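Novice: Structure in structure tokens, see below.
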Amino acid sequence: MVFADPVKLRTFSQEAFFAKYNLTNPQRPGICIEIIRALEKLDPELKIVGLETKASTARIEAALAAGKIDVFFGLIKTKERAAHFVVAGDPLFNTAQLLVARKNDPIEVKDWDDVRKLGKDGVILVNEGTGQAFYLKKQGGLLIDDQGLTGLVNLKKLIMGRGRLFYVSDMYVAEDLALNKDLASSVKMLSPRFQKEGIYTMFSRKTPPELVNRIVENLKKLERSGEMKRIRARYFLG
């Protein structure tokens, strides 16, 4: 289909999610920014505007619901979001939570029972006030330190021996380590993956269906061409 005039779709950047949105870093602007740029390159008559506005997740959801933005790239699909937004197409990428340990630690764990068996030597660091912290507390029997405010704080605590493990999103720890190579040489990611989730494109219910379909079809083209795989690989994601 040929469109005579450029079509503008409104969106936001997600505040403080640098692995997804980081316009201040031209070399690594974030996986969602790279996907958006690939869409615009594939379909030059499509312009995605508003990325200079940083918004919290709550503000993004409110703007989608009100039709103040047309689309957002990069949210987990939940029942609540599916009820309020159009969740279209396949996941942009998949993410999971994992455990990070010191590189010289011979620790091997397959599941939470293995961590429980470590007793007082199995303290798990996790970022304060996060879904990961809530999840760990629900497991029961784990020793949790959720005082660290950021991933960098907890990586440094781990390296200093103030915890045995660090529970964190694969995409965010990979980004922290890519930007802080001095820390990367001191830690390792363990194999088990937890809380596996797909990250989706979501549209306002006020966005015209033909534009929803246009984005979805273009994402499929990027997938078939291998471009999506290349972008995901840059951010260590599947």
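The values are calculated or read from the model by the stated rules, or taken from the named source; none is laboratory data. Note that the structure is a prediction, hence the values are computed from the model and not measured. Glycine gets a Cβ as well: all are built from the backbone with ideal geometry, and neighbour counts include every protein chain shown.
Novice: Could you look through the range 159-168, keep only residues that are closer than 17 Å to GLY119 by Cα and free of Cβ contacts under 8 Å to residues at least 60 places away in the same chain, and pick out the one that is surrounded by the fewest Cβ atoms within 10 Å (Cβ to Cβ)? So that I can check it myself, show each step before the final result.
Specialist: Filtering the range 159-168 down to residues closer than 17 Å to GLY119 by Cα leaves 161-167.
Going one step further and asking which of them are free of Cβ contacts under 8 Å to residues at least 60 places away in the same chain, we end up with 161-163.
Values: GLY161: 10, ARG162: 14, GLY163: 23.
Checking each candidate, the answer is GLY161.
Novice: While we're here: Since ALA58 meets every condition but one in (1) touching a residue at least 40 places away in the same chain (Cβ under 8 Å); (2) outside any loop (DSSP other than H, G, I, E, B); (3) out of contact with any Asp or Glu (no Cβ under 6 Å at 6 or more places or on another chain), which condition does it not meet?
Specialist: Result: ALA58 fails condition (1) only.
Novice: Considering GLN139, GLN147, GLN195, which residue is in contact with an Asp or Glu (Cβ under 8 Å, 6 or more places away or on another chain), more than 21 Å from ARG234 (Cβ to Cβ) and surrounded by fewer than 16 Cβ atoms within 10 Å (Cβ to Cβ)? Steps first, please.
Specialist: Values: GLN139 fails: in contact with an Asp or Glu (Cβ under 8 Å, 6 or more places away or on another chain); GLN195 fails: in contact with an Asp or Glu (Cβ under 8 Å, 6 or more places away or on another chain).
The match here is GLN147.
Novice: Shifting gears a bit: Which condition number does LEU9 fail, the rest of (1) outside any loop (DSSP other than H, G, I, E, B); (2) within 20 Å of the chain's Cα centre (by Cα) being met?
Specialist: LEU9 satisfies every listed condition except (2).
Novice: Checking the condition touching a Leu at 6+ places or on another chain (Cβ under 6 Å), in a loop (DSSP other than H, G, I, E, B) and not acidic (Asp, Glu), which residue from LEU142, LEU183, LEU136 passes? Full working, then the answer.
Specialist: Numbers: LEU183 fails: in a loop (DSSP other than H, G, I, E, B); LEU136 fails: in a loop (DSSP other than H, G, I, E, B).
After ruling out the rest, the residue left standing is LEU142.
Novice: Can LEU222 be described as free of Cβ contacts under 8 Å to residues at least 40 places away in the same chain and either assigned to a helix (DSSP H, G or I) or in the same structural domain as LEU42 (by TED's automatic domain parsing) (or both)? Outline the logic, then answer.
Specialist: On the way: free of Cβ contacts under 8 Å to residues at least 40 places away in the same chain: no; either assigned to a helix (DSSP H, G or I) or in the same structural domain as LEU42 (by TED's automatic domain parsing) (or both): yes.
Considered against the rule, which asks whether it is free of Cβ contacts under 8 Å to residues at least 40 places away in the same chain and either assigned to a helix (DSSP H, G or I) or in the same structural domain as LEU42 (by TED's automatic domain parsing) (or both), LEU222 comes out as no.
Novice: When the range 3-29 is examined, which residues are found to be under 14 Å from ILE231 (Cα atoms) and touching a residue at least 24 places away in the same chain (Cβ under 8 Å)?
Specialist: Keep residues of the range 3-29 that are under 14 Å from ILE231 (Cα atoms), which gives 19-21, 27-29.
If the condition is that a residue be under 14 Å from ILE231 (Cα atoms) and touching a residue at least 24 places away in the same chain (Cβ under 8 Å), then ALA19, LYS20, TYR21, ARG28 are the ones that fit.
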